[in-house]
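First comes the structure, then the notes that go with it.
Where a number appears in this text, it was derived from the coordinates with a stated rule and is not lab data. From a predicted model like this one, the values you see are computed outputs, not experimental measurements. Cβ atoms come from the backbone with ideal geometry, glycine included; neighbour counts cover every protein chain shown.
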Amino acid sequence: MMKLKNLLLTMAACSSLVACIKEPMDEEQNPATVEQVQTALSKAWGNADPLTMAPNDFLFQETEQKIDSNGSAFFVLQEGITVSKREETATDYLYTYLYQNKVIKQGTEGAESTREDHRTVSKGTAAATSLQVQSHDFQSHVLKPMADDYQMTLGFERFYGLAYACVKSDALDTYCKDTLKVDSCEIKCSNLKEETVVETAPELMKAQDNCAGLPDCKLNIKKVAFDWVIELKTGQNVERQRVNYWVKLSPDLPFMSRMTEYCYRQLYPVQNQKVLVTTCTKLKNFKKGTP
């Protein structure tokens, strides 16, 4: 994702327009525990083993950032991820990926980039904990600037981050005190919702032979949504920042492609008002490799 300062500069151009005036976010408070959020996500994910990832597994996804009031995307990140190699050791499988990306800002396309990335899957560990990955900082959407160097993130990594989103980590506590200079931070989750729907497959999946093996070109989807709130406390002053999260998962798709949508929605300050921005990563296509 682009740095927060670049995001704010992009949105500042419309800050004087009526269309960019602050929109309300859902303030309904139905507290959700860590266990409730994790259970909902676990049911939505279903059974999928990371060891089923195979060479030539492929997915194509797009991330869009939109100002909610006008609905136009001012930033698009296109990503292609391919399993290029799977190597076996005595205890692990070592996966090599080709990660391709291209950025479109304000309708202007940047250069396409390709590089290798790596993951390790342990043979003897349960699937829910066996994917050893680089740290995925769920809380960075609110607290830290976005990076300019685009990093490969698998759907399972986002899923894992969501599962532990309602747990306050020691690292966050240190960041709040040392960097944000507040006395303490508290995390609360609420408004947990679950939904099961059937959706038509994306156009690129439809274009595959036999619609990529999807019956009637449909996807069974399980959606989980919740609000994540951080409270920054300094003396008697409390500042709250809220993020609406929702994710869609399909048991019809293989492990690497199982997450079909990952979105978050939050208010960004621009001059003397706040602008509501939604960031969504959506699966556009996939292909199953050969074990």
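Numbers for the structure displayed
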{"read-out": "Pairwise FRET efficiency - ALA54 versus ARG115, Cβ, R0 = 25 Å, nearest 0.05", "value": "0.75"}
{"read-out": "Karplus-derived 3J(HN,Hα), 6.51/-1.76/1.60, for each residue of region 183-194, Hz, glycine and proline x", "value": "5, 6, 10, 10, 10, 9, 10, 7, 6, 5, 9, 10"}
{"read-out": "HN-Hα J in Hz across region 239-253 - Karplus 6.51, -1.76, 1.60, θ = phi - 60°, x for Gly and Pro", "value": "10, 10, 10, 10, 10, 8, 10, 8, 9, 10, 10, 10, x, 7, 10"}
{"read-out": "Added length on full extension, which subtracts the Cα-Cα distance from 0.36 nm per residue, LYS123 to VAL238", "value": "36.8 nm"}
{"read-out": "Computed E for ASP68/GLN271 - FRET, C-beta separation, R0 22 angstrom, nearest 0.05", "value": "0.80"}
{"read-out": "Pairs beyond 24 Å (Cα-Cα), from LYS105/LYS284; LYS181/LYS282; LYS218/LYS288", "value": "LYS181/LYS282"}
{"read-out": "Under 5 Å, built H, 5+ apart or other chain: amide partners of ASP57", "value": "VAL83, GLY289, THR290"}
{"read-out": "Förster radius 25 Å - calculated FRET efficiency between ASP170 and THR33, Cβ distance, rounded to 0.05", "value": "0.80"}
